[in-house]
1. Taking residue 87 and the conditions (1) in contact with a Phe, Trp or Tyr (Cβ under 7 Å, 6 or more places away or on another chain); (2) buried (at least 17 other Cβ atoms within 10 Å of the Cβ); (3) more than 17 Å from residue 21 (Cβ to Cβ), which numbered condition does it fall short on, given that it satisfies the others?
2. Filtering the range 1-36 down to residues that are more than 16 Å from residue 80 (Cβ to Cβ) and among the polar types (S, T, N, Q), which residue is nearest to the chain's Cα centre (by Cα)?
3. Can you tell me which residue among 127, 86, 157 is in contact with a strand residue (DSSP E or B) (Cβ under 7 Å, 6 or more places away or on another chain), in a loop (DSSP other than H, G, I, E, B) and among the aromatic types (Phe, Trp, Tyr)?
4. What are the residues in the range 114-158 that are within 30 Å of residue 97 (Cβ to Cβ), surrounded by fewer than 17 Cβ atoms within 10 Å (Cβ to Cβ) and hydroxyl-bearing (Ser, Thr, Tyr), if any?
5. Write out, first by first residue and then by second, each pair whose Cβ atoms fall under 8 Å of each other, whose residues are 6+ apart or on separate chains, and whose first residue, in the range 108-124, is closer than 15 Å to residue 135 by Cα while the second is charged (D, E, K, R) and outside any loop (DSSP other than H, G, I, E, B).
6. Out of all the residues in the range 42-51, which are farther than 13 Å from residue 142 by Cα and in contact with a strand residue (DSSP E or B) (Cβ under 9 Å, 6 or more places away or on another chain)?
7. Within the set of pairs 6 or more residues apart or between chains, which connect a residue that is assigned to a strand (DSSP E or B) inside the range 1-27 to a residue that is among the aromatic types (Phe, Trp, Tyr) with Cβ atoms less than 9 Å apart?
8. All but one of (1) closer than 30 Å to residue 30 by Cα; (2) β-branched (Val, Ile, Thr); (3) surrounded by 17 or more Cβ atoms within 10 Å (Cβ to Cβ) hold for residue 47; which doesn't?
Amino acid sequence: MKKIESFQVNHLILKRGIYVSRKDVVGDSTVTTFDIRMKEPNNEPVINTAELHAIEHLGATFLRNHSTYDSQTVYFGPMGCRTGFYVIFKGELRSDDVVDIIKEMFSFIMNFSGEVPGADARSCGNYLDMNLPMAKYEASKFYNEVLCNLGKDNLNYPE
């Protein structure tokens, strides 16, 4: 079997950051998948499911209500390895094209107060598995340590 692209990234040296994971042509349009890597793989604890779930609800709600990105967002959701998220936007984009919206989204998450949108039995299949305080902590940590200090190594996959 062919090894998929994301399994070809060297996770032993991958830093936290925002990376172009892949670009796909769908009809006449290109969509770009971004790897929002919040944790260094195999080097620090992964994000627990409850905070990952809360970040997913808040991030998706933020993007789907954004004045510009509501129509450009195809998908936002967690990685199975629990080290970050994938977001898919319409367009042929680079990592530095989306830094501002990613910073805006994580600022929204780390400053959110109130009930997590969709955290009820009717709206979500696992609504009890949410941890807003830890989601805010993880978002703040990523925002302050990574998003406010992005360099080339945080925007381009290692060779």
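1. The single condition residue 87 does not satisfy is (3).
2. 32
3. Numbers: 127 fails: in contact with a strand residue (DSSP E or B) (Cβ under 7 Å, 6 or more places away or on another chain); 86 fails: in a loop (DSSP other than H, G, I, E, B).
One residue alone meets the criteria, 157.
4. Once the filter is applied, which keeps residues that are within 30 Å of residue 97 (Cβ to Cβ), surrounded by fewer than 17 Cβ atoms within 10 Å (Cβ to Cβ) and hydroxyl-bearing (Ser, Thr, Tyr), the range 114-158 yields 137, 140.
5. From the range 108-124, the pairs are 109/136; 110/136; 111/136; 112/136.
6. 49, the sole residue that qualifies.
7. Note: pairs meeting the criteria are 18/34; 19/34; 19/157; 20/34; 20/157; 21/34; 21/86; 21/157.
8. Single failed check for residue 47: (1).
The values are calculated or read from the model by the stated rules, or taken from the named source; none is laboratory data. All values reported here derive from a predicted model rather than from experimental measurement. Methodologically, a virtual Cβ is constructed for each residue, glycine included, from the backbone with ideal geometry; neighbour enumeration extends over all protein chains shown.
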